[in-house]
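Read-outs: derived from the displayed coordinates by stated rules, not from any lab. Every value quoted in this text rests on a predicted model; they were computed, and no experiment measured them. FYI the Cβ positions are ideal-geometry reconstructions off the backbone, even for glycines, and counts take in every protein chain you see.
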């Protein structure tokens, strides 16, 4: 991880955890975290952010966790993000 990555803060609104991936990848939680800078997916009149790995909408942003007082979980997730290269979390959608 470069010095620029360490100095750059985490924009919690663009970082997400996928609970479906977390269930499948319980031994590797870094594979359940993703960075997404795009528009949300609208379904049933509500904005959802699809997981870039599994296409599930069972996701929560880091900002949502912060707003709901889940500070312990948020701290752990942010430590995972800080300990891995940012490229690991940016997953491009595969062409259909």
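Okay, here's what the table says:
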| read-out | value |
| --- | --- |
| Matching residues in the range 61-95 - criterion: being out of contact with any helix residue (DSSP H, G or I) (no Cβ under 9 Å at 6 or more places or on another chain) and surrounded by 14 or more Cβ atoms within 10 Å (Cβ to Cβ) | 91 |
| In the range 42-55, the residues that are farther than 22 Å from residue 10 by Cα and surrounded by fewer than 15 Cβ atoms within 10 Å (Cβ to Cβ) | 42, 43, 44, 45, 46, 55 |
| All positions within the range 16-45 that are within 11 Å of the chain's Cα centre (by Cα) and assigned to a loop (DSSP other than H, G, I, E, B) | 36, 37 |
